[in-house]
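The values are calculated or read from the model by the stated rules, or taken from the named source; none is laboratory data. Quick caveat, the model's predicted, so the values are computed rather than measured. Cβ atoms come from the backbone with ideal geometry, glycine included; neighbour counts cover every protein chain shown. With ligands, DNA and RNA removed, areas are computed over all heavy atoms of the protein, side chains included. Shrake-Rupley method; radii C 1.70, N 1.55, O 1.52, S 1.80 Å.
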Amino acid sequence: KKEIENFNNCIELNTKDIQAYMQRGFSHEGLGNYKEAITHYSKAQSIADELRNNIGNSSPPPPHVSVGRRRGVLYYIANAKYGMKDYKGAIEDCNKIIETDSTDGDVYKIKGDSEKELGLFEEARKDSIKAKELCAGCRTL
């Protein structure tokens, strides 16, 4: 909880601090407060999108904006949804990630685990195999 207070202070000083929102989300997720975590991850994403829109597409975003990449944030949201047993939501988010980046074994791991929980065993088997192909050392395969 002290960590969360520290990130609250950071955000009071800079309401556009993407890292602080992400870290506050990680802290909440670690405490099992998945809905709170998703709220903070989503806020980090909206700030990143706003910053990207303000600088336009003609130049690359500054490094602090890249923390809020759609895939990165969506991965953490999917993981939190899995933690709160919103398996359908986790699968939907994983599918969105896979549309743009099909190389992340952790995403297939979350998706496969969610499918297994829903009794979608054939889909779970396929995604678990894909996860192992992509990253034998990812998460806990």
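Report the label-to-label distance for GLN19 and GLU50 in nanometres (one decimal), using points 7 Å from each Cα along the Cα→Cβ vector.
Label-label distance for GLN19 and GLU50, simple model: 1.9 nm.
Could you order MET22, MET84 by accessible surface area, starting with the largest, using a probe radius of 1.4 Å? The partial results should precede the final answer.
Details: MET22 5, MET84 65 Å².
Greatest to least solvent exposure: MET84, MET22.
When the chain is fully extended, how far beyond the present Cα-Cα distance does PHE121 get from ASN95, taking 0.36 nm per residue of separation?
Once the chain is fully extended between PHE121 and ASN95, it gains 7.7 nm.
Using only the Cα atoms of segment 67-135, build the gyration tensor, take square roots of its eigenvalues as a ≥ b ≥ c, and label the shape rounded, prolate or oblate: rounded if a/c is under 1.5, else prolate if a/b is larger than b/c, else oblate.
Taking the square roots of the gyration eigenvalues as a ≥ b ≥ c, segment 67-135 is oblate.
If Lys and Arg each add +1 and Asp and Glu each add -1, what is the summed charge of the other residues whose beta carbon sits under 9 Å from the beta carbon of ILE47?
-1
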